[in-house]
Amino acid sequence: MSTTESDRINELGQQNLIALLEQQRNAFRAEGEVTYATRIDRLKRLKALIIENKSEFATTTKREFNGARSYEFSLFSEYASKVEAIDYSMKHLKAWMKPEKRKTNKPMNLLGGKSQVRYFPKGVVGIISPWNLPFGLTVAPLTSALAAGNRALLKPSEYVPETAALFAEVVPKYFSHEEVAVVTGGEDIGQEFAELPFDHLLFTGSTRVGAKVMQSASKNLVPVTLELGGKSPVIIGRSANLELASTRLAFGKFLNGGQLCLSPDYVLVPQELEEQFIGRVIREAQSMYPNVTENTDYTGVFDEKHFARLQSYVDDAVAKGAKLTIVGADQSRALTGSDNRRMPLHILQNVNEDMVVMHEEIFGPILPIMAYADITEVPDKIEPRRNPLAMYYFGKDKMEQEYLLSHVQSGGVCINDITLHYVQEDLPFGGVGASGMGAYHGPEGFKTMSHARAIYSQTMIDVLPIIGARPPFGEKFRKNISKILGEI
């Protein structure tokens, strides 16, 4: 594609999203079969995009976090893990693309009837990604979309305009606009994007915005995958290894400054273990981050609006009777904020249902603690925050574990760990109810972005007269129905 043509298409995309969508759809229809070789080529180009631009993207994201984001965390979470996901998809793609044989009912199976399911690309997939992992949560669904043979339009969050602009600059170096294109702009463009007649739309973000996206998509009956959030609980059983649990909880809570959809949101711990457990969490936090505000390994709160929101949660809880413990050597600065907005861990005890922090997704370094006397109380304590994206259980008691799996709904589960189910490429990732719908990653991502097409083939033998199913209906047909339904 010439530079002039590329510029013209860029301008067209900015002026008319429908025209850009139709351009991709026309190219998809003209292509016909999307071969294995084509899909592998596109995945290889996506991998090259990551490897060759990782530093510039990671630096840009760090700048949009006001300098308070770990460069190493970015490379690990948003780049290395996504290369591994692409490699996994390329390794298994041929198997995913194979037709699946299915059983054929009698008597059709006796007369040559055959059934199968084949997975075909849907067409053009829209991807709306968030600000907290702006690169990784754009590339991850794109991997599934390309593996399934689709074209894609990307809409990075307007809250990371530099990252969005960099996507718009870099993507055309690896993909034609007919394959993958980037749309930038503010909330108005985002609204227009969500209303486009895509063949599939994937949104990652808050439950509140997800509801609006789903409403917009419904205007064109666009199927959606919503990756939302929710208040993911950590449940400490009496059989838990407290040292292990506190280490993994502290690590998981501090990841990206607590600004992950899978961040552990609050903890349920046996009453008699509460103080012991909190003490261990404090020691782990201080070990990993001896200081906070100047620590380059620690991610700050994204912007002043979110910093103020988090502080309001703390103030509200304390005013309503919560006990506050701030973990960090620079507590005085934590209460007033700082230029880089690195907020230390705030532990809240004696929390209750009147507190805002117990109903809003925290998305930051605040950790409410709830005590329980018996494990049977736990589902009722979680119910007001139902359908979290994840449930984290620490313990060795299999009966207790199965009790929680049966009585608490969640998108996914980690047992004796935090968040790591997300990076298991052979596991589906997704929510349930308020935490989302649909799943992607690995084979589930391939299937989500594909149309599972039922294909039945029959020989020239006419089956219906054999069972009397062609008018005029007679005794043979009635007998065949009676075999299934009983006397008629």
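The values are calculated or read from the model by the stated rules, or taken from the named source; none is laboratory data. Here the structure is a predicted model, which means the values were calculated and not measured. Counting neighbours? That spans all protein chains shown, and the Cβs are built from the backbone with ideal geometry, glycine included. Quick note on the areas: whole protein, heavy atoms, side chains included, nothing else; ligands and nucleic acids left out. Shrake-Rupley method; radii C 1.70, N 1.55, O 1.52, S 1.80 Å.
Coupling constants for the stretch 106-123 follow from the phi torsions by the Karplus curve (6.51 cos²θ - 1.76 cosθ + 1.60, θ = phi - 60°), and in residue order they are 6, x, 4, 5, 7, 10, x, x, 9, 10, 7, 10, 10, 9, 10, x, 7, x Hz; glycine and proline get x. Residues of the stretch 341-364 with an amide N closer than 14 Å to a point placed 7 Å from the Cα of Glu377 along the Cα-to-Cβ direction: 350-353.
Taking every DSSP beta bridge that has both ends in the chain, the antiparallel portion is near 35%.
Amide H contacts for Ile235 (H built 1.01 Å from N in the peptide plane; partners 5 or more residues away or on another chain; cut-off under 5 Å): Leu268, Tyr392, Tyr393, Phe394. Would you mind checking Lys231/Lys323; Lys231/Lys396; Lys155/Lys305; Lys94/Lys122; Lys44/Lys122; Lys231/Lys447 for any pair whose Cα atoms are more than 26 angstrom apart? Among Lys231/Lys323; Lys231/Lys396; Lys155/Lys305; Lys94/Lys122; Lys44/Lys122; Lys231/Lys447, the Cα-Cα distance tops 26 Å for Lys231/Lys447. At a temperature of 20 °C and a viscosity of 1.002 mPa s, determine how fast the chain diffuses translationally according to Stokes-Einstein, using the Kirkwood radius over alpha-carbon pairs as Rh; express D in µm²/s, rounded to the nearest whole number. My calculation gives 86 µm²/s for D.
Compute the Cα gyration tensor for the stretch 341-424, then decide on rounded, prolate or oblate, letting a ≥ b ≥ c be the square roots of its eigenvalues: rounded whenever a/c is under 1.5, prolate when a/b is larger than b/c in the other cases, and oblate in all that remain. Please report the intermediate quantities before stating the final value.
Numbers: a/c = 1.79, a/b = 1.27, b/c = 1.41.
It comes out oblate by the Cα gyration axes.
Give the carbon-plus-sulfur fraction of the accessible surface of the stretch 56-198 in %, rounded to a whole number; probe 1.4 Å, heavy atoms of protein chains only. Taking all protein chains in place, the stretch 56-198 shows 53 percent carbon and sulfur surface.
What does the accessible area per residue of the stretch 74-216 come to in Å², with a 1.4 Å probe and no ligands, DNA or RNA counted?
Details: 5650 Å² over 143 residues.
Using a 1.4 Å probe on heavy atoms only, each residue of the stretch 74-216 averages 40 Å².
Note on the stretch 200-321: along the principal axes its Cα atoms extend 54, 37, 32 Å, ordered by decreasing extent.
Note on the stretch 214-255: with neighbouring protein chains present and a 1.4 Å probe, carbon and sulfur make up 57 percent of its accessible heavy-atom surface. Using θ = phi - 60° in the Karplus curve 6.51 cos²θ - 1.76 cosθ + 1.60, the 3J(HN,Hα) couplings for the stretch 284-300 round to 5, 4, 5, 5, 6, 9, x, 9, 10, 5, 10, 8, 6, 7, 9, 8, x Hz; x is entered for Gly and Pro. When Rg and the Kirkwood Rh are both derived from Cα coordinates, the Rg/Rh ratio for the stretch 143-273 amounts to 1.10. With r defined as the distance between the Cβ atoms of Leu405 and Arg208 and R0 fixed at 25 Å, what FRET efficiency is calculated, to the nearest 0.05? For R0 = 25 Å, the calculated efficiency reads 0.30. With K and R counted +1 and D and E -1, the other residues having a Cβ less than 14 Å from that of Thr60 yield a net charge of -1. For Lys82, go through the aspartates and glutamates and keep the ones whose alpha-carbon is under 18 Å away, minus same-chain ones fewer than eight residues off. Straight-distance partners of Lys82: Asp41, Glu52, Glu56, Glu72, Glu227, Glu425, Asp426, Glu444.
When the P(r) of the stretch 257-308 is calculated, the portion above 17 Å amounts to 55% of the C-alpha pairs. Put simply, the amide H of Ala152, placed in the peptide plane, has neighbours under 5 Å in Val125, Val180, Ala181, leaving out anything fewer than 5 places away on its chain. What does the charge count around Gly185 come to, taking other residues whose C-beta lies under 12 Å from its C-beta (Lys +1, Arg +1, Asp -1, Glu -1)? After counting each charged neighbour, the total is -3. Each Lys or Arg adds one and each Asp or Glu subtracts one; over the other residues with Cβ under 10 Å from the Cβ of Ala85, this totals -1.
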